[in-house]
Amino acid sequence: MRQQAWDEVKTVLTDYPKYEWYINQVRESVLYPWKPSDANADISSGSFSPDGVVNKVIKIEDNIILNRLMFQKNVVEKKLAETPEWLVELIDIMYFSNNHLKLRPASELVGVSYRTAKKYHEEFMIDLAGMLGIIRF
C-alpha cells in the first residue's frame with residue numbers, strides 16, 4: 001500500500017474517537033447557520049416556517065462532509081467489530097488514546113510478539129483502506 005493511502009487510514013483511525021463531535025458540529029452548522037445581525041430584519045421571516053425546516057433537513061441529508069464522516073465512522077465500527085479483541089486493543093493503544101504508541105511498545109502491552117502484531121496490523125490497515133475506498137483491490 002502506498003504511503004499516502006497508509007497515512008489517510010491512520011488519519012481516519014486517529015480521528016475516529018472525535019467523529020461524533022464532528023458529525024454534531026456539521027449538523028449544528030446546517031441547522032443554525034451564522035447570520036450577521038441586521039437591525040432592519042423583518043421579524044416575520046423566520047427560519048421555522050415549514051419550508052425552512054424541510055430545506056434544512058434536505059441540506060443535512062445532502063451534506064457531503066456529513067455523509068463522508070458517517071460513512072467513515074460506520075466502516076471503522078464494522079471493521080473493529082469483526083477484529084480479534086487483542087488487535088482492537090492494539091489499535092486503541094496506537095490510534096485512539098491520547099498517548100499514541102508505536103507498534104513495538106503497543107504489541108508488548110497487548111502481549112503479542114512484534115512480528116505477529118505487525119502482520120495483523122498491516123492486514124487490518126489494508127482491509128480498512130479497501131473498505132473505505134482508499135485503495136482498490
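Just so it is clear, none of the values below were taken in a lab; they were calculated from the coordinates. Source: prediction; values computed, not measured. Virtual Cβ from ideal backbone geometry, glycine too; neighbours counted across all protein chains shown.
Values computed for the structure shown
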{"read-out": "Simple spin-label estimate for Y32 and A81 in nanometres, 7 Å along Cα-Cβ", "value": "3.2 nm"}
{"read-out": "Packing-based ranking, highest mean first, of 97-106, 64-73 given that Cβ atoms within 10 Å are counted", "value": "64-73, 97-106"}
{"read-out": "Net lengthening on full extension, R115/H100 (0.36 nm per residue, minus Cα-Cα)", "value": "3.5 nm"}
{"read-out": "Gain upon complete extension [R2, E123; 0.36 nm per residue less C-alpha separation]", "value": "42.2 nm"}
{"read-out": "Residues E89 and I23, FRET efficiency given R0 of 30 Å [Cβ-Cβ distance, rounded to 0.05]", "value": "0.75"}
{"read-out": "Net lengthening on full extension, T11/I64 (0.36 nm per residue, minus Cα-Cα)", "value": "17.2 nm"}
